Each structure stands twice: as C-alpha cells, then as structure tokens.
Amino acid sequence: MVDFTARDRLRLLLGGSALALGACGGGGSSQTASGVFQGGGNPPPPPPPTPPTNGSGGTTGELTTGLLRDTFRNNFTVGTALSNQRVSAMDPSAELALDQFSSITPEWELKPDVIQPTPGVFNFSEGDRVVDWALENGMEVRGHALVWHESMPEHFYQGTPTDIRLRLEEYISTVVDYFRGRVTAWDVVNEVTSADIYRGSDGIGPDRRSEMYNAVGSADYIDWAFRAARAADPDALLFISEYDTETEFKRNWLMEIVRRLNQRGVPIDGVGHQFHFFLDTDPAQALAAIDAVDNEFLGLINHATEIDVSFYRDPGECWQQRTNCLADLGPNPPDDMLAQQAQLLRTLFEGLALRSSVESVSFWGVRDGDSWLNSSPIERFNYPLLFDREGQAKPVFHAITDPNYVI
Ligand code: XIL
C-alpha cells in the first residue's frame with residue numbers, strides 16, 4: 001500500500017468521494033470551481049482561470065506583477081528552475097522569477113556532483129544561496145535531485161551493494177536533513193525508467209540500466225532512496241521524476257516502477273513529469289500521463305517539473321553522436337513556431353488546471369537564453385521558455401495567462 005502522508009489522507013477524504021462521483025465519467029479527477037462535483041459523468045469544466053485585470057481588459061506590453069502565479073493561484077503553484085549565478089547577479093531572469101513565479105528549483109546546486117563531488121565532503125553553499133533567496137522572497141523550493149545518473153560522481157558506485165546502500169542512505173539522510181523545513185518537495189530519483197525504446201527496439205524495461213543499477217545489481221536503490229528521504233524529513237513530499245511520460249511506452253514502464261514501489265510499501269508522494277516538449281508534442285498525451293497516475297494511484301500528487309518546448313525535433317543520431325542535427329534557426333524565432341508553442345502550452349495549462357492532483361507546474365528556466373536547450377544536443381539558438389532573451393513576454397506567456405489573447 002502506498003505510504004500516504006496525513007496530507008494525502010486528507011486529500012483522499014476530500015477528493016476521494018468527489019472522485020467516486022466524478023469517476024463514472026472516467027478520466028482524471030477534476031473539480032468545478034466550487035470544488036463540488038455535479039454528480040455522475042464528467043463534471044462541467046470550471047470557468048477558465050480569471051487573470052487579474054491588468055487595466056486593459058486583456059494583455060498589454062506592460063506585465064502585471066504576479067500575473068502568471070495569480071492566474072493559476074486556485075489550481076497549482078507555478079515555478080521555475082533558477083541557478084545560483086542568476087540569483088547572485090540578480091539578473092533579469094531572477095527579477096522575472098520574483099515577479100511571476102512562486103516556486104524555485106535550483107537548476108543544479110542540489111545535485112550530487114555539486115553537493116558531494118568527493119567522498120564524505122558536503123558542499124551546501126551553492127544550494128543555500130538559491131534556497132534561502134527563494135524562501136526570503138516567499139517562494140517554495142523543489143529539491144532536484146537526490147539520485148540522477150547524469151550527476152552521480154563515481155564514488156557513489158564503489159564497493160559492494162551494501163557499501164553502496166550505506167553510502168547512499170548516509171548521503172540522502174544528510175542532505176534531506178540539512179534542508180529540512182526549507183525544501184518542501186524532493187525529486188528523490190530522476191530518470192530511472194528504461195530509455196531502451198530509443199534504441200529502436202522494445203529494449204529492456206522498466207528500469208534504466210544505469211551505473212547505479214549495475215553496481216547494485218537491481219533497482220533496489222530506488223527503494224533505499226525513498227526510505228532514507230522519508231526518514232530524514234517526514235514532511236517533505238517525495239517524487240519520482242521522469243522525462244517523456246507523454247510517450248505511452250515510457251509512461252507504462254514508469255507506472256510499473258511506481259506499482260512496484262506501492263506493492264513494497266515504499267514511501268512516495270508523487271510523480272514529477274518533466275514535460276520537455278517539442279512543437280509537435282501532443283498535449284493530450286501529456287495530460288494522459290497525469291490521468292494514468294490519477295486512475296491507478298488515488299492520492300498520489302502530480303507535478304510538472306521542467307516544462308520547455310524545443311523548436312528542433314532532431315533525429316536520434318543528433319542526440320547520440322551530434323550528427324544530422326537540424327540547422328540553427330538563428331536569433332529570431334519564426335512567428336508560426338512561436339504560435340505553435342503558444343497553442344501547445346495553452347492547451348496543456350487548460351488541462352492541468354482541470355486536474356486537482358496537479359499541485360505544482362514548473363518551467364525549466366525563465367528567459368530563452370537561460371535554457372540548457374541552447375547547448376543540448378548542440379550549440380544553437382533555441383526559444384523554449386516564456387520570455388525572450390531580452391526578458392519580454394512571448395506569445396506563449398500571453399496565451400496561458402489571458403484566455404482572450406488571440407494567438
Ligand atoms: C540540466 C541543467 O539545465 C544544465 O544546466 C546542466 O548542465 C545539466 O542538467 N533533465 C533534468 C535536469 O532532470 O536536471 C537537466 O538540467 C535537464 C534535463
């Protein structure tokens with residue numbers, strides 16, 4: 001049985017009966033604005049979120065302070081990733097984060113290769129800088145990530161499985177305890193689902209055959225990580241984080257892992273969907289990922305954790321060996337692609353706002369120039385976020401904050 005926190009039990013009591021009423025209509029849990037279901041079948045959707053009036057009855061060039069977070073204040077927290085250097089410089093991205101968001105995910109300061117690059121040494125200074133700045137400004141903090149194969153120094157894999165377990169438990173206990181009461185949600189494990197589908201076959205699933213998996217000889221490290229995190233901070237919300245949950249094959253493998261954790265009584269509170277999209281991503285598939293969790297794991301929370309929309313749908317070899325990548329579009333993104341991005345995220349946000357299990361929605365950066373997608377898979381202009389390189393709100397920002405905005 002999933003180890004629900006008191007919070008979950010309350011959600012179940014409040015939402016469970018409503019879910020029972022709404023479930024006969026299938027699909028994920030959804031509530032009307034009044035929070036009361038209208039009886040069987042799919043309840044009518046709540047009115048679209050009403051953005052605070054910004055004087056002109058619509059969207060002006062002038063950006064209303066808090067417009068983004070206030071638009072969804074009755075639905076979920078809206079957040080962004082932000083790095084220490086942006087916070088320290090208080091650059092335009094940090095200013096915009098203060099202005100429009102209410103949750104911060106340190107972009108890499110809470111990853112193992114920053115906190116413990118060498119055995120036994122804990123470096124919290126970079127993480128403290130971002131975490132404390134967010135808290136001083138009334139924002140929540142998502143911790144990312146306690147275990148991620150892309151950021152685990154080699155020393156985490158040394159010795160016998162028991163050595164690895166003791167070291168991982170000590171690391172996680174130390175880190176989660178240190179940020180206890182400041183970090184309210186942790187991506188405990190990140191990208192632990194098999195990526196074999198990208199090798200042109202059904203591959204091996206459900207677990208990624210990472211260095212940690214191979215060193216331990218199984219995926220039991222996932223259980224160890226969640227148990228250690230819960231023991232260190234019983235109040236922190238614990239998430240399994242994954243990209244491409246909008247692809248059914250990968251989503252099914254992730255659900256198999258969550259099912260296994262559930263059956264083993266491993267403490268987990270939710271699923272973090274990274275939602276790194278392309279312009280042709282089907283938002284219905286992203287919403288299906290939320291519904292898949294809702295339909296099977298009543299009480300689990302959904303977070304969207306790293307939203308961005310790449311303007312390049314490169315072939316696999318570009319990601320594997322940096323060949324055959326699409327040409328750079330240059331400093332000015334085409335208007336038709338900006339419109340596609342706006343429509344994609346308007347549809348996504350409308351759907352997320354209808355699903356009460358969605359409690360936090362975060363972007364992976366503020367301005368287009370911040371994004372990891374300007375160098376991954378290759379160095380190239382990308383335009384994945386809500387604000388352009390000068391900090392101006394893009395069509396996508398207006399599309400999700402103003403239902404009257406014409407894309
Ligand atoms: C990325 C950061 O944005 C980069 O600055 C860093 O160099 C590598 O990691 N999925 C994740 C994030 O879970 O941790 C990654 O962040 C982006 C992909």
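The values are calculated or read from the model by the stated rules, or taken from the named source; none is laboratory data. Here the structure is a predicted model, which is why all the values come from computation and not from measurement. Cβ coordinates were reconstructed from backbone atoms using ideal geometry, including for glycine residues, and neighbour counts include every protein chain displayed. Accessible surface is based on the protein model in full, side chains and every heavy atom, while ligands, DNA and RNA are left aside. Shrake-Rupley method; radii C 1.70, N 1.55, O 1.52, S 1.80 Å.
Rolling a 1.4 Å sphere over the protein heavy atoms, what is the accessible area per residue of segment 117-185, to the nearest Å²? Could you put the intermediate results ahead of the total?
Values: 3100 Å² over 69 residues.
Computed with neighbouring chains in place, this is 45 Å² per residue.
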Exercise. What is the distance, in nm, between label points placed 7 Å from the Cα along the Cα-to-Cβ direction at residue 211 and at residue 372?
Worked result: 1.6 nm
Exercise. Round to a whole number: what % of the accessible area of segment 275-407 belongs to carbon and sulfur, probe 1.4 Å?
Worked result: 51 percent
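For segment 290-407, what does the accessible surface come to per residue with a 1.4 Å probe? Please give it in Å².
Numbers: 4380 Å² over 118 residues.
Using a 1.4 Å probe on heavy atoms only, each residue of segment 290-407 averages 37 Å².
Which length gain, in nm to one decimal place, applies between residue 235 and residue 95 when the Cα-Cα distance is subtracted from 0.36 nm times their residue separation? Each step should come with its number before you reach the end.
On the way: separation 140, 0.36 × 140 = 50.40 nm, distance 2.98 nm.
Extra length from residue 235 to residue 95 when fully extended: 47.4 nm.
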For this session: Can you give me the P(r) profile for segment 237-330? Cα pairs, bins 5 angstrom wide beginning at 0, each as a whole percent.
Result: 3, 13, 20, 22, 15, 11, 8, 6, 3, 1, 0
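Assuming R0 = 51 Å, can you tell me the calculated FRET efficiency for the pair residue 218 and residue 337, based on Cβ-Cβ distance, to the nearest 0.05? Before the final figure, lay out the partial values.
Values: r = 44 Å, r/R0 = 0.86.
In this case the efficiency is close to 0.70.
I'd like the FRET efficiency for residue 113 and residue 318, computed as 1/(1 + (r/R0)^6) with the beta carbon distance as r and R0 of 22 Å, rounded to 0.05.
Numbers: r = 25 Å, r/R0 = 1.14.
Efficiency, rounded to the nearest 0.05: 0.30.
Between residue 73 and residue 280, what is the FRET efficiency for a Förster distance of 41 Å, r being their Cβ-Cβ separation, to the nearest 0.05? Write out the running numbers ahead of the final one.
Values: r = 31 Å, r/R0 = 0.76.
Calculated transfer efficiency: 0.85.
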Exercise. Amide H neighbours of residue 82 under 5 Å, counting only residues 5+ apart in sequence or on other chains, H built in-plane at 1.01 Å?
Worked result: 105, 107
For this session: Could I have the simple spin-label model distance between residue 329 and residue 195, label points 7 Å from Cα toward Cβ, reported in nm to one decimal?
Result: 2.4 nm
For this session: May I ask you to evaluate 6.51 cos²θ - 1.76 cosθ + 1.60, the Karplus curve with θ = phi - 60°, for each residue of segment 360-369 and list the ³J(HN,Hα) values in order in whole Hz, giving x for glycine and proline?
Result: 8, 9, 10, 8, 9, x, 9, 9, 3, x
Exercise. With each label point set 7 Å from Cα along the Cα-Cβ vector, what nm distance links residue 149 and residue 173?
Worked result: 2.8 nm
Problem set entry | Proximal charge balance of residue 354 [Cβ under 12 Å; K/R count +1, D/E count -1] | -2
For this session: Give, to the nearest whole percent, the P(r) tail of segment 329-382 beyond 12 angstrom, counting all Cα pairs.
Result: 74 percent
